[in-house]
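Read the structure below first, then the notes.
The values are calculated or read from the model by the stated rules, or taken from the named source; none is laboratory data. The shown structure was predicted, so the numbers you read here are calculated from the model rather than taken from an experiment. Every residue, glycine among them, receives a Cβ derived from its backbone with ideal geometry; neighbour counts consider all protein chains shown. In case anyone asks, the SASA skips ligands and DNA or RNA and just uses the protein heavy atoms, side chains included. Shrake-Rupley method; radii C 1.70, N 1.55, O 1.52, S 1.80 Å.
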Amino acid sequence: IARDIILSADLVINIVDAVHLERDLFLTQQIIDTGVPVVVALNMMDESKLHGREIDLDLLSDLLGVPVVPTVATQKSGIEDLKASIAKARPGHIDPELHKRLHLLHDRVGSQGEALLILEGDPIVAERHGIEPGAEREEIYLLRRDKVNDIVTGTSGEDE
């Protein structure tokens, strides 16, 4: 259900836990790979600082290719900035090789998100388009994991 909602969305506000950046950025990259415009609300910035983690927000935004807005939901901090950033939502950066494969398939299926699902082996979406499901789920997963690890290391200066 979440997959179908994301694929039909005009944009996604992805709430990322600043304390668990590595875990949550994996989902962020999955959403970015669908081609849906994204804004990241980097929440729990207060907790992140308590844990001694400083996050370079400009660098994170540059690496993801989408706006990143710091928030502390429990204090309603950053909410107005988040609302203002909705108009700036955009598709993010995708691995160049994956982008090439998605572009080729996109021409056949009309949606980058559905092209991604077909490459990852989704039989229902593949059948809908009369295409054999791909077998690239593990390869795409590893590309995402490597990118997220690089981003986390680069934006916070630490390994998790």
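The set of residues in segment 35-44 that are in contact with an Asp or Glu (Cβ under 9 Å, 6 or more places away or on another chain), closer than 30 Å to residue 101 by Cβ and either open to solvent by 10 Å² or more (accessible area, probe 1.4 Å) or in a loop (DSSP other than H, G, I, E, B) (or both) comprises 36, 37. Would you check if there is a residue in segment 20-27 being open to solvent by 20 Å² or more (accessible area, probe 1.4 Å), aliphatic (A, V, I, L, M) and more than 11 Å from residue 92 (Cα to Cα)? Yes - at least one qualifying residue is present in segment 20-27. Here 113, 121 are screened, and the one residue that is open to solvent by less than 90 Å² (accessible area, probe 1.4 Å) and outside any helix (DSSP H, G or I) is 121. Scanning segment 8-19 for residues that are part of a helix (DSSP H, G or I), hydrophobic (A, V, I, L, M, F, W, C) and surrounded by fewer than 18 Cβ atoms within 10 Å (Cβ to Cβ) gives a single hit, 19.
Here residue 130 fits the description: assigned to a loop (DSSP other than H, G, I, E, B) and at pLDDT 90 or above.
For beta carbons closer than 9 Å, sequence separation of 6+ or different chains, a first residue in segment 60-73 that is at positive phi and of a type in the set (Gly, Ala, Ser) and a second that is in a strand (DSSP E or B) and surrounded by 23 or more Cβ atoms within 10 Å (Cβ to Cβ), the qualifying pairs are 65/38. Can we say residue 81 is in contact with a strand residue (DSSP E or B) (Cβ under 6 Å, 6 or more places away or on another chain), open to solvent by 70 Å² or more (accessible area, probe 1.4 Å) and not hydrophobic (A, V, I, L, M, F, W, C)? Yes; evaluated as a whole, the condition is true for this residue. Scanning segment 45-67 for residues that are assigned to a loop (DSSP other than H, G, I, E, B) and more than 18 Å from the chain's Cα centre (by Cα) gives 51, 52, 53, 54.
If you check 5, 32 for being over 12 Å from residue 72 (Cα atoms), part of a helix (DSSP H, G or I) and modelled with pLDDT of 95 or more, only one passes: 32.
Filtering segment 68-96 to residues that are under 16 Å from residue 10 (Cα atoms) and in a strand (DSSP E or B) leaves only 90. Residues that are more than 15 Å from the chain's Cα centre (by Cα) and open to solvent by less than 70 Å² (accessible area, probe 1.4 Å) were ranked within segment 88-104; the one that is nearest to residue 27 (Cα to Cα) is 102.
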